[in-house]
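Student: Here's a structure for you.
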Amino acid sequence: PERIQASVAALSGLGTGATPAGDDLIVGVLAGAWRFGLRPAIDAMERAVARLPEGATTDTARQMVAAALRGDLPEPLREAALALGAPGGLPGAWMGAVARLERLGHGSGTEMLAGLLAMAWPKGGNDR
């Protein structure tokens, strides 16, 4: 939980634009947490976001993160999350979902993909 708090605080508002890259990454991490059923991580991120000071990020990014905390994800991100590691999934379905996600915003999709993949990659042999 402390690492999550520190990470959310460091990433929130990091970058430029309506949805800074750090917030896009947070949304991708949340997509991965939803995909893999990691409710404790979602809850910890929700607490971390609630502790952010006013103005830590843009209003648009704050709304996007709040939606992701509820499981309301941008459709291209949702498609990629569902395709990731789906039993019997086809590589073409994954690649198509990634291509659609990468077209989202001005770099937002790529940052979201990075967050999603970070949640899919085992850490040192440990379960997420």
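Student: For segment 1-18 and segment 48-87, what is the separation of their C-alpha centers, rounded to whole Å?
Tutor: The distance from the Cα centre of segment 1-18 to that of segment 48-87 comes to 13 Å.
Student: Another question about this same structure. Could you tell me which of Leu52, Trp94, Pro74 has its Cα farthest along the dipole of the chain towards the positive end, charges placed at Cβ (Lys, Arg +1; Asp, Glu -1), taken about the Cα centre?
Tutor: Trp94
Student: Relative contact order, percent, of the chain when contacts are C-alpha pairs under 8 Å separated by at least 6 residues?
Tutor: 34 percent
Student: Rounded to two decimals, what is Rg over Rh for the chain when you use alpha-carbon atoms and the Kirkwood radius?
Tutor: Ratio value, two decimals: 0.96.
Student: Of the candidates Gly88, Gly15, Gly107, which one comes out as most mobile in a Gaussian network treatment of the chain with C-alpha springs shorter than 10 Å?
Tutor: Highest fluctuation of the listed residues: Gly88.
Student: Another question, if that's okay. Tell me what the chain gives for mean residue ellipticity at 222 nm when only DSSP H runs of n ≥ 4 count, each as -39,500 (n - 2.57), the sum divided by the residue total, rounded to 500 deg cm²/dmol.
Tutor: Helix contribution divided over all residues of the chain: -20000 deg cm²/dmol.
Student: Provide the per residue accessible area, probe 1.4 Å, for the chain, rounded to a whole number of square angstrom.
Tutor: Solvent-accessible surface per residue comes out at 55 Å².
Student: First compute the accessible area of segment 25-125 with a 1.4 Å probe, then give the percent of it belonging to carbon and sulfur atoms.
Tutor: Summing carbon and sulfur atoms, their accessible area is 61 percent of the total for segment 25-125.
The values are calculated or read from the model by the stated rules, or taken from the named source; none is laboratory data. What you are looking at is a predicted structure, and each value in this text was computed from that prediction instead of being measured. Backbone-built Cβ (ideal geometry, glycine too); neighbour counts: all protein chains shown. Protein only, heavy atoms only, side chains kept; ligands, DNA and RNA dropped before computing areas. Shrake-Rupley method; radii C 1.70, N 1.55, O 1.52, S 1.80 Å.
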